[in-house]
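Participant: Before anything else, here's the structure in question.
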Amino acid sequence: MIEEKQTSIKKDWNFDNSYARLPELFYSVTNPTPVCSPKLVILNQPLALTLGLDLNELQSADGIAVLAGNKLPEGALPLAQAYAGHQFGYFTMLGDGRAVLLGEQITPQAERFDIQLKGSGKTPYSRRGDGRAALGPMLREYIISEAMHALGIPTTRSLAVVTTGESVIRETELPGAVLTRVAASHLRVGTFQYAATWGTVGELRILADYTLKRHFPEAKTVMNPYHYLLQEVIKRQAVLIAKWQLVGFIHGVMNTDNMTISGETIDYGPCAFMDAYNPATVFSSIDLHGRYAYGNQPRIAEWNLARFAETLLPLLHQEQQEAVKIAQEALAEFFKLFNDYWTSGMRAKLGLFNQETDDQLLIADLLKMMYNYQADFTNTFRALTVGELQGMTLFETDEFKSWQRRWQERRSRQQESTTQSQELMKRTNPAIIPRNHRIEEALKAAGDGDYSIMERLLAVLSCPYAYSDEQLEYTQIPPPSAYPYRTFCGT
């Protein structure tokens, strides 16, 4: 039970605990470990209001104690979720090793969101870890997850980051922190892998039924709801990965435990945004062979979905052969869906409203030139959007000028005006992304106690399609470096 000093408080929390009503196989009741001196670093005020929370209460001593794990809101039932996963292709038992699910907040709009504390101490799944998190990675997740939300990409979100007043030991001594993560749910492909490996078929069915009720309630009218579950998860992942590709986002660690059933992006560890266009781009320090490189993300998504389909076989049909056939037919749709979403997105990035047979060639030729001339991914499309074609080697080539004529001719064959085309491009091509060097700049300053750089970065990232003057300095690419940018699994 929770310690006596961790008294239960209301503070506008409106919790339900539906996940805790699943069989105990799926979780362990676990209290957050109190910290010595919590201080609020950043609070996501718009998100807090959406959740139905009082800003003054959240910033009070009691509110900060909740965000640190020192006190529990009324109705919370803290637990650590069990799951498994293929990590770089190798299957292993996992679980929330440094995260605790407080419960599910029911908003004034009757929406349901998981509220999870990340970095809140050891759990039964911590293995040899300390269950804690460092400030830098927690702020990094806050920045990038909120940037992804502003870009219109399905994502978990960040409500707050608090420092703990304690140090964590990694390669060096670092300030500790706890991040409050908000998600449609934390159900993962790895959750189903865990159930299929260590549970019974009955427990797997209970998990699938819970998932359908929570995320796909319309399935109650279909003949085979588990087939529908597979199809809808495939569809949501096709949409999500297409959106990643369209902005140059590289997740970095697409293990099956990092693929949500809801279709949200989760776990911002070694992720980063691509500067120069190159399908082989990879940032993660542990991805030595490029398994999760930018160009591989659609293929890896399909591989992960195949693992999900395997878990559902006992539910898809009582005959194994027929179940496999159903799963294979569903999986065969992934690349069709992905290519449709991606091609449609690329047409929009070029201001094209309708479809023509040669559109894919037009797109492919541009990307090939961008690769050959090491053109910045975001800035190339920004320049095409605003019509300022200078400052990049690509734009000075005869090859590009020939392509530009083809593009202009293609746009002239649609009914929409040039102005309408440009507006479509502005709605599709972000003027700015969370550049890696800008994030590092903000995190370094935060480590020294200066949060102003991060706050300004968050402000401009909140409206990525604004094309405002204040965003201009954030369009600058990083200076040349003798070493490639590297990210680490620190979250």
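Participant: Would you mind stating whether Thr92 is part of a strand (DSSP E or B) and either at pLDDT below 95 or open to solvent by 10 Å² or more (accessible area, probe 1.4 Å) (or both)?
Facilitator: Answer is yes for this residue.
Participant: Take segment 46-66 and flag every residue that is hydrophobic (A, V, I, L, M, F, W, C) and either touching a helix residue (DSSP H, G or I) at 6+ places or on another chain (Cβ under 7 Å) or open to solvent by 50 Å² or more (accessible area, probe 1.4 Å) (or both).
Facilitator: Matches in segment 46-66: Ala48, Leu49, Leu55, Leu58, Ala61.
Participant: If we keep just the residues of segment 32-45 that are open to solvent by less than 40 Å² (accessible area, probe 1.4 Å) and of a type in the set (A, V, I, L, M, F, W, C), which is farthest from the chain's Cα centre (by Cα)?
Facilitator: Val35
Participant: Filtering segment 319-376 down to residues that are open to solvent by less than 80 Å² (accessible area, probe 1.4 Å), assigned to a loop (DSSP other than H, G, I, E, B) and touching a residue at least 60 places away in the same chain (Cβ under 8 Å), which residue is farthest from Gln404 (Cα to Cα)?
Facilitator: The residue in question is Glu333.
Participant: Tell me yes or no: at least one residue of segment 379-390 is open to solvent by 80 Å² or more (accessible area, probe 1.4 Å), under 32 Å from the mean Cα position of the chain (by Cα) and closer than 17 Å to Tyr467 by Cβ.
Facilitator: yes
Participant: For segment 172-183, does any single residue satisfy the condition of being among the acidic types (Asp, Glu) and either open to solvent by less than 40 Å² (accessible area, probe 1.4 Å) or part of a helix (DSSP H, G or I) (or both)?
Facilitator: No, that holds for no residue.
Participant: Just give me the residues in segment 215-236 being part of a helix (DSSP H, G or I) and either over 19 Å from Ile266 (Cα atoms) or of a type in the set (Gly, Ala, Ser) (or both), in sequence order.
Facilitator: Selection gives Pro217, Glu218, Ala219, Lys220, Thr221, Pro225, Tyr226, His227, Tyr228, Leu229, Leu230, Gln231.
Participant: Taking segment 110-128 only, how many residues are in contact (Cβ under 8 Å) with a residue 60 or more places away in the chain and at negative phi?
Facilitator: The total comes to 12.
Participant: Testing His149 on (1) within 15 Å of the chain's Cα centre (by Cα); (2) within 23 Å of Gly447 (Cβ to Cβ); (3) open to solvent by 30 Å² or more (accessible area, probe 1.4 Å), one condition comes back false. Which one is that?
Facilitator: For His149, the exception is condition (2).
Participant: OK, next. Quick one: would you say Thr107 is in contact with a Gly (Cβ under 7 Å, 6 or more places away or on another chain) and either at positive phi or surrounded by fewer than 23 Cβ atoms within 10 Å (Cβ to Cβ) (or both)?
Facilitator: yes
The values are calculated or read from the model by the stated rules, or taken from the named source; none is laboratory data. Bear in mind that the values here come from a model prediction, so they are computed numbers and not experimental data. Reconstructed Cβ throughout: ideal geometry from the backbone, glycine too, with neighbour counts over all protein chains shown. The protein model used for the area step is the full one, side chains on, heavy atoms only, and it has no ligands, DNA or RNA in it. Shrake-Rupley method; radii C 1.70, N 1.55, O 1.52, S 1.80 Å.
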